[in-house]
Each structure stands twice: as structure tokens, then as C-alpha cells.
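Here is the structure we will look at.
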Amino acid sequence: MSESSRRAESAAAGLAAGISMGAYCLAMAVHGTYPFGDRSRAVNDLGDQSVPFHAHLWDLMHGNTTGDLLFNWNSGYGAPFLADFFSYLMNPFSWLVGLFPRSAVNFPVFLVTLLSIGLGTAVMTRFLGRLHPGSGRLRALLAVGYGLCAWVLDEGSADPMWMWGLVSLPLLCLAGDWCLRGRHWVLGSLAVAVAWAGNYYTGAMATLGAGLVLLLRVLLLTERPVLARLKVLGRAAAMVLLGVLLAAPVLTVGLKASRAAQPAPLETYDGPPGLTDYLAQLLPGGRSDHPMPNIFVGILGLLLVATLPFNRRVRARERIGWYALLLLVGASFVWEPTVLLWHGLTLPDGSPYRAAFVLSGLLVMAAWVSLSHRPDLFALVGGAGVLGLIALLGHGQSSVRTSTWVLLSVGGVLVLGALWLLERGTARKAVCALLALGVLAGATYSTYSVAVIRDQLPSFRPRTTVSAQSSAAYQVIQQADDWPNSRTDPGPHEFTANDPLLLGGEGGSYYSRHLPRTTAELLHDLGAGWYRQGRHTLSPADPVGRALFGVTTYLESSSAPDGFTAEQAPAVPLITVQPTGPAPDTSSVWARQQALLGATVYRVPQLTPTAGPAPTLHGSSGWSIPATPVGGTGTAFEGSCLPGDQVFFYGPWFNGTVLGLGTTYAGHGLQPMTAMPIRLLGDAPADGRFALELRTGAAAQIPAQPVGCLDRTALSAALARPNGVTAVHSTGHSVSAELPPGSTGTALISVPAVDGWQCAVGDGLEQPAPSVLGMIGVPLGTGASRLSCTYRPPGLLPGAAMSGAALAVLVGVALVTLLRRRARADRVPR
């Protein structure tokens with residue numbers, strides 16, 4: 001490529017990036033969305049993970065946290081982090097967060113979306129030129145429709161980690177083009193690695209989409225012998241294999257973490273949408289009120305795709321091939337077996353159409369095939385007719401809004417007129433400028449319209465932001481932090497689903513698709529609440545639960561100006577030594593807490609039904625509580641504690657109203673999705689007797705022993721006794737303790753015993769960490785003076801070995817290629 005051609009390509013890519021990013025920023029400014037206003041971006045991800053995870057990345061980059069890339073001491077009372085890093089923070093633009101103040105972490109999160117839009121649009125512009133030569137300016141205008149397609153506006157921008165997929169699709173299509181031309185195999189392998197490492201979820205989708213494009217070009221659109229075609233496909237397969245192996249740690253660590261994670265809620269596919277509803281998704285400026293493939297690419301792209309069947313300047317085989325590919329991919333999005341294929345053989349926890357950006361990219365490619373062959377008046381009229389038919393069929397669908405009709409009427413006329421003038425060769429520069437303004441205006445209005453629609457949907461909530469209140473909480477947590485001597489918990493108050501990442505400290509709250517099953521079950525068994533079937537854990541809300549995890553400072557929700565109050569409480573150290581005893585009692589949440597504490601601090605009263613709908617006790621399985629009659633009283637119980645005891649109620653799956661000892665609160669339990677934590681009812685009166693009433697609109701279940709009476713004196717004594725540990729030390733992914741010489745029993749570490757922990761006693765060999773009711777519990781044998789435990793992510797070593805081997809092959813191929821080029825150059829006569 002000549003220097004002038006390179007400059008022209010760079011200018012076209014820059015134009016595409018500038019228009020797409022400019023339109024996005026203009027729309028957000030008009031909408032008043034951060035950073036152009038006070039309004040937060042609406043997202044459907046519970047609590048929105050992007051800001052807390054980027055805040056934690058900032059801490060890692062500045063040495064401002066207790067953990068490292070391998071382990072996260074902040075969340076879930078200690079949780080693996082590398083799989084989360086690979087899933088949420090490998091978009092290269094995420095790493096810009098380190099250049100900004102921590103208090104402004106919202107802005108680099110915005111930049112992740114914005115810069116991904118710009119780069120994805122620029123790379124698509126470049127690939128369109130490889131697909132078919134033609135005007136760089138026109139390619140840029142078409143690529144804007146890809147950069148601001150419906151998937152970006154609705155799903156991608158809500159989860160910046162997925163935005164790398166927008167870059168990956170055209171990048172991998174370029175790599176496929178290199179295979180077709182027999183060039184840049186090493187660079188193509190690196191492109192595959194970059195796509196999969198940046199986000200392996202969307203990287204796999206982009207690979208499948210790019211592979212289909214290459215198959216179309218090899219099998220239908222090029223004139224080559226069969227062996228030559230097979231050679232191209234072989235080069236591509238080898239390139240993908242090597243690229244994926246280069247990114248192997250991302251996959252091996254992620255796969256191991258997913259297998260050990262708390263299971264996601266069971267999802268079922270509701271079946272394909274109606275044809276007219278699906279077709280309506282092609283129309284810009286709207287959003288359906290139910291899950292649909294979000295695929296629109298703007299008026300320019302849609303009109304040109306519609307002209308393709310009528311464009312006689314395009315070979316019939318090419319027209320048929322592109323439409324067959326569009327129909328194949330479109331159908332694959334709504335047939336359950338192929339929906340599973342697009343999403344890694346698992347229905348996602350959310351929209352089943354997360355691969356929609358691939359179809360948007362294919363629509364833009366098909367549009368360019370028509371535009372590069374200059375559709376004549378016949379094709380334009382035919383395309384306008386198809387567009388009108390789609391609009392007619394889509395009329396009345398929820399995704400077709402007022403904004404859609406504005407874009408169709410105003411934008412459609414402008415685009416149609418501009419394309420006709422371009423075909424006639426009239427004032428090309430002026431027409432291109434007018435078309436550019438039209439694309440900018442249409443993309444801006446479409447982006448703004450989708451943002452307004454999303455704000456109106458009840459299932460969406462504002463994105464997490466760093467507010468004055470959360471900044472105040474951050475300061476409180478940092479000042480009180482005393483790790484590893486004790487924990488400072490940002491909960492049970494919640495600003496976000498991942499407060500420990502956003503605010504620091506060491507809490508039980510954690511929301512991640514990789515949250516270990518061990519962590520979720522341990523916290524649940526000890527009376528903490530959870531959401532999303534345990535994929536979002538909460539900090540304990542009771543004094544014994546906090547004490548077991550060494551929490552001495554915690555934030556409680558209150559009516560204070562910042563919405564919280566910092567509270568202090570006694571707790572055990574991170575590591576304690578307990579004598580060896582019989583198997584622990586696990587019959588109730590109170591028994592499990594006492595077993596880990598090593599002391600009896602609860603009295604568990606027998607409850608007697610006294611009034612209301614009669615409950616049924618099913619042995620150790622618990623009580624069945626009948627529905628409360630409308631206007632009637634609920635099921636009432638009586639029990640007895642010692643005077644002054646704190647009376648707690650535990651009904652994890654109870655959905656209704658709980659009344660007792662002057663306290664009334666609403667339980668929102670829903671098995672297995674939402675578990676309610678242990679809650680304080682009040683102090684037992686002078687005679688010790690208390691009443692409990694449960695009101696529910698539907699039959700409910702509570703444990704067999706739902707009430708515990710806490711003896712505060714006994715708890716204080718248990719926390720004041722010697723703990724058998726001289727000193728505790730912690731590094732990024734290890735913890736150790738110095739013990740009095742000759743210590744025996746079990747060293748209990750208040751950290752979930754997730755896979756990957758290895759512990760050594762004294763100078764002994766490391767062994768997989770044993771578990772005591774879900775916590776790390778290491779037998780000290782006949783006597784020890786030191787204990788050390790180290791966490792190593794499962795899957796990291798095999799992944800690193802595969803990546804190293806792939807890198808060696810890549811370097812070898814690069815060297816051989818370089819030597820061959822030099823040999824050929826030496827044979828050329830001078």
C-alpha cells in the first residue's frame with residue numbers, strides 16, 4: 001500500500017471513529033448523562049459491576065489494596081480474583097483507569113465504552129475496504145451504523161466488558177482476509193489472541209461470525225481451485241487455534257472458576273419472537289419492551305441492505321450468498337440449539353441475544369457490498385419498497401416508536417436522495433458532506449431515543465457512580481482499616497452490589513458470575529442473605545456472624561446525612577486455634593455459628609403456635625406457614641428466652657411481614673433466588689416471654705428453629721478468651737500465623753475454603769486446605785509454631801504452559817518467515 005493510500009485509510013478510519021464517538025457524546029449530552037450531566041446511565045446489571053471493578057483495578061495499579069491479581073481480600077471475606085479480572089477488566093481501555101483520580105473512576109468507565117465504539121467503527125471501516133474497494137468516506141459512514149448499532153446502545157454500553165466484542169468482529173474479519181490473501185499469519189494469530197483475551201465471551205461470538213464471513217468468501221465469492229480453498233481454510237483454522245492457545249490462561253482459569261462458581265438461576269428459552277416483531281428490530285430509534293435481538297444499524301445501512309437484491313451490478317451469486325448468510329445468522333439467534341451455540345452451550349442469565357452485534361456487523365458488510373457497486377435507480381426504488389414493507393409490518397410493535405417514524409421519514413428521504421445523486425455522479429463532495437451530516441444527526445437521535453426509552457423501563461436502574469455519600473464511606477473505611485488484625489466491613493449497608501471493591505475494607509458482599517459456591521454456601525449457612533440464587537452475597541447482619549469473620553468496624557444503614565453509621569464491635573482474629581473435638585452440630589444456623597465460634601452463646605427456644613392459621617412442623621425440615629386470610633391475623637407463636645437476651649429471627653425464604661418485640665419488618669425471601677439474613681427482633685422482656693407473628697400472602701417455609709436468643713455475656717466471654725495465635729500476616733494471596741510453640745488442635749482461618757488454597761504447618765509440605773463447615777480449618781498435628789497458606793488459581797499453570805508453547809510456535813513461524821523473505825531478497829538480482 002502506498003503512503004497516500006495509508007493516509008486515506010487512516011483518514012477514513014478517523015472519520016468513522018470521530019462521527020460515531022461524536023454522535024454518542026452528543027446524545028449523552030442532550031440526555032444529561034454523565035459526564036455531561038447528573039443523570040446516570042441506565043443499566044440492567046444488578047448494582048452494575050463496572051464501576052466497583054474499575055475502582056478495584058485502580059487500587060491494584062496504585063498498590064492501594066490488600067490483595068493482588070490472584071486473590072481479592074476485599075470481597076466475600078476472601079475470594080479468587082483472576083477469573084474476574086479476565087472477565088470484567090481485560091478490555092485494554094479499562095486500564096486507562098490508572099491515569100485518573102480514584103474519585104473520578106466513573107469517567108474512565110465511560111471512556112471504555114466511548115473508545116471501544118471509536119476503535120470498533122474504525123476497524124470496521126478498514127475491513128469494508130478489504131471486502132470490496134471503494135470510497136473511504138462512504139465506508140466510514142456505513143461503519144458508524146455498526147459502531148452505534150442497537151446492541152451497543154442497549155447491551156454493550158451497559159456492560160463495558162462486552163464492548164471489546166465490537167472491536168473483535170471486524171478485527172477477526174481482517175485476520176480472515178489475510179488468510180484469504182496468504183499474508184500476515186502471525187499477525188492474524190495475535191489478532192485472535194487479542195480478541196479472546198480482551199473478552200473471551202464476545203471473542204468467541206466474533207470468531208464464529210468472522211468464520212462465517214470467511215466461509216462465504218472462500219466458498220462462493222472467490223474463483224479458486226478446491227485445494228487452494230482448503231488451504232485458506234486450513235490457514236484460518238490453525239491461526240484461530242494458535243491465537244486461542246495464546247490466550248489459554250483466560251480460558252483455563254475462567255473455566256475452572258465457572259465450574260466452582262455458585263450456579264446461575266436456571267434459564268429457559270421462551271421460544272422465537274414473531275416474525276414481524278423480529279423484522280421491526282431492523283428499524284432504528286426504538287427498543288422492544290421484551291427481550292429481542294437488538295440489530296438495527298441506522299437508515300443508511302438498512303436501506304442499502306434492502307437494495308442488495310435489486311442491485312444488478314452485484315453478481316447474483318454474491319447477492320444470494322449475503323442474503324443467505326443474513327437469514328442463517330438471524331434464524332440462529334432464535335432457534336434454541338443455536339442460541340446455546342452462540343452463548344457457549346449455556347443459556348445466559350439475562351438476554352439470550354447477546355451475540356446480536358454479529359448480525360449488525362453482517363448487515364453493514366452486506367450494505368457495503370451494495371454501496372460499493374453503486375446501486376442504480378431501480379435498486380434504490382426496490383430498496384425503498386422493501387424498507388416501506390418492513391415499516392408497515394413493524395407498525396404497532398413495541399420497538400417502533402415516534403423516533404422510529406422520524407428517522408424513517410426524514411432520514412429515509414435524505415439518504416435515498418443522496419444515494420441517487422451519488423449514483424448520478426452529481427456534486428459528489430457536497431453530497432458526501434450532506435450524507436455525513438445526516439448520518440451524524442440520525443445516529444445522535446437514535447442513541448438519544450434509546451437512552452430515553454431505557455430510563456422509562458422498570459427493570460433498569462441507574463449505573464453505580466462514585467457519589468459524595470460513597471466517598472464519605474470510603475474515607476471512613478480507609479481510616480478504620482486494620483487488616484489483617486481485623487476486618488472493616490462496608491456492609492450490611494449497600495451503595496452497590498460490590499461495595500468492598502468500591503469502598504475498600506474486607507466485607508462479605510460480592511456479586512460476580514465467578515463467585516465460588518463455597519463462599520455462597522458458607523455465608524448462607526451462617527445466616528447471611530443473598531440475591532440472584534447466591535451469586536450476590538451479603539455481609540452478616542448479626543453480631544455472631546460478624547464476629548466469626550473478624551469484623552470490628554462495619555457500616556449500618558441509618559438516617560445520618562450520608563445514609564450510614566460506622567459501628568464498632570468485638571470479634572475474633574482472622575486466625576484462631578480451637579481444640580480438636582467431636583463433629584460439629586449443623587442442625588441449625590445457631591448451631592453452625594456456635595461450632596465455628598467454639599462456644600455456646602445461643603439459647604434456642606421451642607416455639608408454640610398460639611393463634612392464626614395453624615402451622616405444620618415437618619421435623620427438622622421446618623415449619624409450613626399457611627397464607628394469612630385477607631384482613632386476618634397471621635400465624636402467631638410464643639417462646640421464651642432469658643430476660644435481656646437478644647432475640648433474633650431467621651427465615652431465609654420467608655416472604656411476608658415479621659412482627660415481634662415491637663419490631664416489624666418485611667421479608668422478601670424467594671427460594672432459591674433471595675435469602676433473607678438473620679434479623680434482630682429486640683431484647684427479651686423481664687419474664688423472658690415473647691410473641692412472634694408471621695403474615696404472608698402465600699404459603700411459606702421457615703426453619704425448624706427460626707429463633708435464637710443471644711446471651712451477650714457469653715458472647716463477650718467467648719471473644720475475650722485467648723485465641724492461640726501470636727501474630728497474623730497477610731500478603732496479596734497468602735496468609736500466615738505465628739503460634740505458641742507446640743500448638744495443637746485446628747487453626748481456623750475465617751476465609752472460605754475455596755479450591756486453590758494450599759496450607760503448610762511448620763516446615764511441612766503444602767497440602768490442599770481442609771474445610772471446617774466451609775472455612776479453612778488446618779489440623780496442627782502434634783504441635784506447631786507456624787502456619788502458612790497460599791492461594792494459587794486453579795487452571796493457571798496449565799493455561800500458562802499452553803500459552804508458552806503457542807508463543808514458541810508463533811516465534812518459530814515468525815523467524816522462519818523472516819528467513820525465507822531474506823533468502824528471496826538475496827536471490828533477487830540487483
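Values computed for the structure shown
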quantity: Kirkwood Rh, Cα atoms: Rg over Rh of the stretch 221-268; calculated: 1.31
quantity: Dipole axis of the chain (+1 Lys, Arg; -1 Asp, Glu on Cβ), positive-most option in VAL218, ILE749, VAL250; calculated: VAL218
quantity: Leading residue at positive end of dipole, the stretch 329-471 (Cβ point charges), from SER399, ALA433, VAL369; calculated: ALA433
quantity: Surface/4 estimate of mean projected area, convex hull on alpha-carbon atoms of the stretch 309-443, nm²; calculated: 9.7 nm²
quantity: Rh by Kirkwood over Cα pairs, then Stokes-Einstein D for the stretch 228-349 at 0.692 mPa s and 37 °C, µm²/s; calculated: 180 µm²/s
quantity: Kirkwood-Stokes translational diffusion coefficient of the stretch 617-738, alpha-carbon pairs, 4 °C, 1.567 mPa s, µm²/s; calculated: 78 µm²/s
quantity: Extension reserve of the TRP335-ASP585 stretch, reckoned as 0.36 nm per residue once the Cα distance is removed; calculated: 85.1 nm
quantity: Counting all C-alpha pairs of the stretch 333-394, share separated by more than 19 Å (%); calculated: 54 percent
quantity: The chain - charge dipole about Cα centre, Lys and Arg +1 at Cβ, Asp and Glu -1, debye rounded to 20; calculated: 4720 debye
quantity: Where no second cysteine Cβ lies under 4.7 Å, the cysteines concerned in the chain; calculated: CYS25, CYS149, CYS173, CYS179, CYS432
quantity: Solvent-free Debye scattering, log10 I(q)/I(0), computed from the Cα coordinates of the stretch 1-140 at q = 0.15, 0.20, 0.21 Å⁻¹; calculated: -0.86, -1.13, -1.19
quantity: Distance histogram for the stretch 563-665 (every C-alpha pair counted, 10 angstrom bins, percent rounded to whole numbers); calculated: 10, 33, 32, 19, 5, 0
quantity: Rg/Rg_globular for the chain, with Rg_globular taken as 2.2 N^0.38 Å and Rg from C-alpha atoms; calculated: 1.09
quantity: Lys/Arg +1, Asp/Glu -1 at C-beta; the chain dipole; positive extreme among THR790, SER135, CYS173; calculated: SER135
quantity: Residues listed by number, the stretch 793-830, amide nitrogen under 16 Å from ALA238 label point at 7 Å toward C-beta; calculated: 806-821
quantity: Potential lengthening between ALA560 and THR610 on full extension [0.36 nm per residue; Cα-Cα distance subtracted]; calculated: 14.1 nm
quantity: Mean Cα-pair separation over length for the stretch 156-209, i.e. relative contact order, pairs under 8 Å, 6 or more apart, %; calculated: 44 percent
quantity: Probe 1.4 Å - accessible area at GLU567, Å² to nearest ten; calculated: 70 Å²
quantity: Using alpha-carbon coordinates, inclination of helix 136-147 to the longest axis of the chain, degrees; calculated: 30 degrees
quantity: Surface accessible to a 1.4 Å probe, CYS432 within the full protein complex, Å²; calculated: 10 Å²
quantity: Nitroxide proxy distance, nm - points 7 Å out along Cα→Cβ at ALA627 and ALA472; calculated: 4.4 nm
quantity: Solvent exposure ordering (accessible area, 1.4 Å, most first) of VAL406, VAL754; calculated: VAL406, VAL754
quantity: Fraction of antiparallel bridges per DSSP, the chain only, in percent to nearest 5; calculated: 95 percent
quantity: At R0 = 45 Å, FRET efficiency that the Cβ-Cβ distance of THR276 and ARG827 yields, to 0.05; calculated: 0.10
quantity: Crossing angle, helix 164-181 versus the chain [Cα axis fit, 0-90 degrees, rounded to tens]; calculated: 40 degrees
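The values are calculated or read from the model by the stated rules, or taken from the named source; none is laboratory data. In this text the structure is predicted, and so the values were computed from the model without any measurement. Cβ coordinates were reconstructed from backbone atoms using ideal geometry, including for glycine residues, and neighbour counts include every protein chain displayed. Note: accessible area is taken over every heavy atom of the protein model, side chains too, but ligands, DNA and RNA are not part of it. Shrake-Rupley method; radii C 1.70, N 1.55, O 1.52, S 1.80 Å.
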